[in-house]
Amino acid sequence: MGKAKSRSINLCISESLVSRFDEEIDFLNLRVQSFHVDEQIIRSKSGFLKWLIGQYAQAHLDGLRDCEVIDLGESSEVIPCYLDRASEGLWNVAVKNGVAPSFNALAESALYHYFDRQHKNQERLQHLVGLYKEALQRANPAELAAIGEGL
Amino acid sequence: MKQYMPLYSTDELTALLRSWQHGGLDGIHSPNAVVVGVVGCDRPAKGFRAESLLQRFSSADVSSVFRQMAAAAEPMPTYGAIVYANVVQCHPLQDLARAIGLADCSEAQSLLIRAEDAFMNLLLGHLVPKQDRGANG
């Protein structure tokens, strides 16, 4: 198999999302080490952006989410992204299917929803960890296993 | 004499805790159980250094360590809760880092390692005084 060709494109994304994205890169320590997510290894900022846009586009195409175009109405900043053929194909399908009007809007919505999801996860897990701690005082495996089932 | 502190692997600890969660840890530790064939010895006092954590500890041991850790008065989730959330419930480290309010994932990684070591220290310390196990304490 030949090497998949990549090309670099510039995505224009609102400043507030770009700065949050940079904070996220620092938080994940992605400048120093790779991390695993969904059985994939993310090694770079561009790879991470590509992964989360792909997740977002796929979730819409699979009908798991309703389309919602985010318009933050702010000035934008450029993020370079190395796009391989598979990702570009997916993004094109997403745009054609109305997930977002353009690659930029797709990236913006994907980032917006990623942060929104992380925020909800954080609240949920904070609650769960508190419940684990409480239940570990009794250390009953069955009780612990039941935690989170209704959440 | 300083307490013998063997190395353990994260995989072994993971297997121990998941077996504890699923109730699959006892049997080998039930009062009259005899270990045959695994290490060729039915007396834990001799030649048991190569045993896996699964063979060495019972559900009661693991529960006791979790109880001790959970009782520790810390403002943050205790080491026990961190180990449990990551190892047994498989919450990714980055999610835990966010939930606990850590600065970044490398901090979470160090915290998890400290938590696992604290867990193992308590677990191994817990084993030694048990006379019925015949440990070399």
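Summary table
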item	result
Among residues of the stretch B:79-99, those that are in contact (Cβ under 8 Å) with a residue 24 or more places away in the chain and either open to solvent by less than 30 Å² (accessible area, probe 1.4 Å) or acidic (Asp, Glu) (or both), counted	6
Positions within the stretch B:75-94 being within 17 Å of A:Leu144 (Cβ to Cβ) and either more than 8 Å from every other protein chain (Cβ to nearest Cβ) or part of a helix (DSSP H, G or I) (or both), in sequence order	B:Tyr79, B:Gly80, B:Ala81, B:Ile82, B:Val83, B:Tyr84, B:Ala85, B:Asn86, B:Val87, B:Val88, B:Cys90
Selection from the stretch A:89-143 of residues that are more than 30 Å from B:Gln21 (Cβ to Cβ) and of a type in the set (Val, Ile, Thr)	A:Val93, A:Val95, A:Val99
Filtered residue count, the stretch A:35-45, keeping only those that are open to solvent by less than 80 Å² (accessible area, probe 1.4 Å) and either of a type in the set (Asp, Glu) or more than 11 Å from every other protein chain (Cβ to nearest Cβ) (or both)	3
From the options B:Ala97, B:Ala71, B:Ala103, B:Ala108, residue that is of a type in the set (A, V, I, L, M, F, W, C) and within 7 Å of chain A (Cβ to nearest Cβ)	B:Ala71
Which listed residue is among the small types (Gly, Ala, Ser), facing another protein chain (nearest Cβ under 7 Å), within 13 Å of the chain's Cα centre (by Cα) and open to solvent by less than 50 Å² (accessible area, probe 1.4 Å), from B:Ser63, B:Ser59	B:Ser63
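Listed here are the residues, each with its yes/no results for (1) farther than 25 Å from B:Ala99 by Cβ; (2) crowded, with 16+ Cβ neighbours inside 10 Å.
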position: A:Ala94; (1), (2): yes, yes
position: A:Ala107; (1), (2): yes, yes
position: A:Glu123; (1), (2): no, no
position: A:Pro141; (1), (2): no, yes
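The values are calculated or read from the model by the stated rules, or taken from the named source; none is laboratory data. A quick note: this is a predicted structure, and the numbers were derived from the prediction, not measured. Glycine gets a Cβ as well: all are built from the backbone with ideal geometry, and neighbour counts include every protein chain shown. The accessibility values were calculated without ligands, DNA or RNA, using every heavy atom of the protein model including side chains. Shrake-Rupley method; radii C 1.70, N 1.55, O 1.52, S 1.80 Å.
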